[in-house]
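The values are calculated or read from the model by the stated rules, or taken from the named source; none is laboratory data. Model, not experiment: these values are computed from the prediction. Because the Cβ atoms are built from the backbone with ideal geometry, glycine has one as well, and the counts that use them run over all protein chains shown.
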């Protein structure tokens with residue numbers, strides 16, 4: 001699983017759902033993620049319907065010459081909201097806004113349903129790809145609830161999933177789940193250096 005790359009802050013004026021694309025930095029992050037993932041054999045590409053997730057997966061799909069599949073079960077809790085701002089942006093604005101957002105998410109009554117649909121989706125993709133590798137690009141909350149399920153933790157937020165970070169899980173043919181890695185980001189160091197350089 002991978003979290004989408006850095007996305008723009010968006011507020012819609014017509015009441016429609018905010019669905020931002022990637023920032024310039026986010027597009028560079030998506031390319032670095034593709035460079036890293038393309039080193040391994042990949043059998044399926046799956047994305048959340050959100051534009052930021054689809055744009056993150058696009059460079060890898062282009063590299064492999066393969067179509068990606070959109071799975072609506074991988075959407076975040078804020079799907080349809082008229083405003084989108086990343087947790088990183090909130091943190092930069094101040095500790096108070098960040099802590100309020102995290103607290104609200106942890107208390108959201110929709111978390112159990114999110115965990116159920118994400119679990120169902122990932123179990124289904126694993127069963128369709130026995131012994132294979134599936135790349136799923138989604139959201140921080142989606143990654144958190146699945147990681148909680150695998151680790152036997154209460155459903156909530158415990159992992160600060162970074163933009164374009166990778167989180168690897170194994171699901172056996174018998175359905176046994178295990179964590180292989182969480183929050184891999186070393187491949188993004190070049191993207192961060194380029195985005196901070198002058199000119």
Legend entry - Search result, residues across region 98-109 that are closer than 18 Å to residue 146 by Cβ and more than 18 Å from the chain's Cα centre (by Cα): 108
Legend entry - region 67-88 residues that are on the phi > 0 side of the Ramachandran plot and surrounded by fewer than 19 Cβ atoms within 10 Å (Cβ to Cβ), paired with ones that are in a loop (DSSP other than H, G, I, E, B) and modelled with pLDDT under 95 (beta carbon under 7 Å, 6 or more apart): 80/17
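Could you say which residue among 142, 118, 137 is outside any helix (DSSP H, G or I), modelled with pLDDT of 95 or more, surrounded by 14 or more Cβ atoms within 10 Å (Cβ to Cβ) and touching a helix residue (DSSP H, G or I) at 6+ places or on another chain (Cβ under 9 Å)?
Details: 142 fails: outside any helix (DSSP H, G or I); 118 fails: outside any helix (DSSP H, G or I).
The match here is 137.
Among residues belonging to region 103-115 that are in contact (Cβ under 8 Å) with a residue 24 or more places away in the chain and part of a helix (DSSP H, G or I), point out the one that is surrounded by the fewest Cβ atoms within 10 Å (Cβ to Cβ). Walk me through it before giving the result.
As a first pass, look at region 103-115 and keep what is in contact (Cβ under 8 Å) with a residue 24 or more places away in the chain: 105-106, 108, 110-112, 114-115.
Next, from what is left, pick out any that are part of a helix (DSSP H, G or I): 105-106, 111-112, 114-115.
Numbers: 105: 19, 106: 14, 111: 20, 112: 11, 114: 22, 115: 19.
Selected residue: 112.
Only one of 95, 177 is more than 18 Å from the chain's Cα centre (by Cα) and exposed (fewer than 12 other Cβ atoms within 10 Å of the Cβ); which?
Numbers: 177 fails: exposed (fewer than 12 other Cβ atoms within 10 Å of the Cβ).
Just one listed residue meets the conditions, 95.
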